[in-house]
Structures are given as C-alpha cells and as structure tokens.
Amino acid sequence: MKINRSAIKQNAKNIISSTKPNPILVGLAYLGIITILQILAENVSGVSQMSANMMEQMLLGNMNYVPEIPHIGVSGGSIVIAIFVMILMMDTGYVIYCMNACQFRKAGFGNLFDGFAVFFKVLWLNILMVIFIYLWSLLLIIPGIVAAYRYRMALYIMLENPNLSAFECIRASKKMMYGHKGELFVLDLSLIGWRLLTIFPFVIIWVAPYTAITYVNYYLALRDMPTPKFEREI
C-alpha cells in the first residue's frame, strides 16, 4: 500500500492556512532563533572571520591566498558544541509543534522549547543514528543512504512514545520504513524544487513549515498502515 503524496502535501497546505498560531509565524520565530545561534557559532569558531578574509582577498584578486584555519580553544569548542545541541533541540521543538498541529492538538510558540524536555533522549537517539549510518557507510555510500532512510521515522516515534528507548525507536523506525524507503526518497525528490528556492529569504518562510508538516503527515500516514511482519537487523 502506497501513500498518496499529493494528498499529504495538500493536507500540509490546509494545515498551514487553518492552524493558529500560523505555522509560518512559528516557523519564522524558529528560523530567527536558529539563525542567531548559527551566527554565534560562526563567530565563536572564527568561521565568519575566515570567510570575510577569503572574500576580501578574492575581491583584491589574490587567488593564491591560503585561508588560515581558526584555532578554537577548549572553552570555544565547548560553546560551539553547546550551540549546535541547542539548534538540535530547537529543531525537535519545531517538529513537536508540527506534530501537534497535524493532529489538531494545542500547538503554539512554546512548543519550540519543548525539545529540551527530552534533551538526553533526543541527543542519544541522534548519536546512535549517526553511528549506525556511519558504520553502514563504511561498506559503500549506498548502504549508508539506505540506513539514513531506515531511521528517518525514529524521532517522530520517540516524540509520540517517550517511554521507548532510543534503540527501540530506531528498531520501530526500521520496521515502519520496510518497503517505503524508495517512496520517501521520491517524496524528497518532489520537494527539491522548493528547497532550491530557499536561496531567497522570503521563500524559506513558506518552505520550512510546508516541508516539516508534509513529513509529519507522511509519518502519520505510515504509522496508521498495517505493520509488516518481516524485520531486519540494524
């Protein structure tokens, strides 16, 4: 049984137009916070200064310029890691908001910070997925990509089932995605056009909630389908 891509996309548009507070406004707040955190990370790590120096040398015509890799101390490195963890929690919070909106539950700006309530579980889940995907990638790039698709539903499962461990969420995602990895890949391809348009700032304000809600709709449709009996190992 296949999931109707057109239906879940149209449903995403309906949710954007009918949900209060509007997903575009919540997405704008989310993008604003993420942008500030990214700027902080770049300044602390020295990446922004390195980029500015490279641009200056290019404008001066110095094509032989070799950028100096910025040195980050222990404290600076700790701050950068902390910022990226905060970005991960904000990403999780926006997913929580979208899941609430898609299921007609109370959704609001406060959801953006709800990811911190499951801080350690989400962090551990992401660490495990990175490890598993990396190990599969050691075989060849294709097994790594397949593994990434296999675990795509793990976060949604964890947020809906906080009693499950990270390993259990990964296994549940693997089982849920059996026979649907290619389908999700096609859904990704169908959204590439929107993602390319995000080079224009005003477009990303629409694309962020549209794609996030579309993927939540896909998860919900997948969740409500019959579960296959066959299950592979991680």
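Given R0 = 22 Å, the distance between the Cβ atoms of Ala117 and Leu40 translates into a calculated FRET efficiency of 0.45. With the convex hull drawn over the C-alpha atoms of the range 107-234, the volume per residue is 133 Å³.
What the Kirkwood sum gives for the range 88-163 is a hydrodynamic radius of 13.3 Å, with every pair of different alpha carbons counted.
Placing a label point 7 Å from the Cα of Ile131 along the Cα-to-Cβ line, the residues of the range 142-168 whose backbone N sits under 11 Å from it are 167.
Throughout, read-outs are computed from the coordinates displayed, never taken from laboratory work. This structure is a prediction, so every number in the text was calculated from the model and none was measured. Methodologically, a virtual Cβ is constructed for each residue, glycine included, from the backbone with ideal geometry; neighbour enumeration extends over all protein chains shown.
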